[in-house]
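What follows is a set of notes on a single structure, which appears directly below.
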Amino acid sequence: MLIALALLLTLPLLFIASQAVMYLRRIRFSESLVARSVCAQSVPEDARRTLVVVGDSLAVGVGARAEESVAGRVAAAFPHVRVFNYSKAGARARDVAAQLARYPDGKADVVLLQVCANDVCGLHRIDTIEAQLRGVIGTAHGLGARVFLMPGNNFCLAPFFMWPAQPLLTYRAIRIRSMLSRLAEQTGVEFVDLIYDRHEDPFLREPQRYFSEDLIHPSAEGYAHYFSQLLAKGKLDRYLSA
């Protein structure tokens, strides 16, 4: 009886310990990708449009080369566009106001917000996140910019995470998504929603293709999907065309 009870108590502890070791290894590898990543930027001499990018590691393009990130793909597709990227891995909604404040000019054509992935992993209130983003959107509108909000795919279901983290994080991600959709409608922002039903999600259907080596950030193919949806859903070319 006592032996059975001891086993019953020990097994959950072993499970928790094994998950902790696995996450630690994965986090360290992901950090190595972050350390190698740089923000894509472009300042052509004959520039006629300006894009400002702020956000987290998804805006940096962690998991792919700089030219394969969303900002890098914009620079390649629109060679007449100046691309300023002030993003930083690990950034949350509270950080993007300071990022946007680094932009030196008083006018921009487009501001792209790629943020909220790290807010999903946090415990702070969702209405606080909303207030922080409202401030950033107001600043962007003050630049005369069209604002695009593209927080990214549902990374909570990425191979990086295991049960029970996936359902717990997904619950918060869906709540934040609802807030972002409402916020975009109220502020006139282009919301590029990359969260799909499970059976339609390309990241879940082909994880080896769309996730990078660290199993959480997008691969080059993943960022290509981001960029394609920025064009298809957000009509980015309408605001950056020469």
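The values are calculated or read from the model by the stated rules, or taken from the named source; none is laboratory data. Because the structure is predicted, anything quoted here is derived from the model rather than measured. So basically every Cβ, Gly included, is an ideal-geometry build from the backbone, and we count neighbours across all protein chains shown.
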Practice prompt. May I ask you to verify whether Y196 is under 18 Å from the mean Cα position of the chain (by Cα), over 23 Å from A66 (Cα atoms) and among the aromatic types (F, W, Y)?
Written response: yes
Fill in: Residue satisfying condition, being within 25 Å of S219 (Cβ to Cβ) and among the aliphatic types (A, V, I, L, M), within set A71, A98, A108
A71
Worksheet, complete the sentence: Reported set for the range 118-131 where residues are out of contact with any Asp or Glu (no Cβ under 8 Å at 6 or more places or on another chain), in a helix (DSSP H, G or I) and not aliphatic (A, V, I, L, M) is D119, D127, T128, E130
Practice prompt. Answer yes or no as to whether A89 is touching a Ser or Thr at 6+ places or on another chain (Cβ under 9 Å), small (G, A, S) and under 21 Å from F191 (Cβ atoms).
Written response: no
Worksheet item: How many of the residues making up the range 41-77 are in contact with an Asp or Glu (Cβ under 6 Å, 6 or more places away or on another chain) and buried (at least 24 other Cβ atoms within 10 Å of the Cβ)?
Response: 0
Discussion item. Checking V189 against (1) surrounded by 18 or more Cβ atoms within 10 Å (Cβ to Cβ); (2) at pLDDT 95 or above; (3) of a type outside the set (G, A, S); (4) under 16 Å from the mean Cα position of the chain (by Cα), only one condition comes out false. Which one?
Written reply: (4)
Item to complete: Have a look at G152, G106, G142, G135 and point out the one that is small (G, A, S), in contact (Cβ under 8 Å) with a residue 60 or more places away in the chain and out of contact with any Ser or Thr (no Cβ under 9 Å at 6 or more places or on another chain).
Response: G152
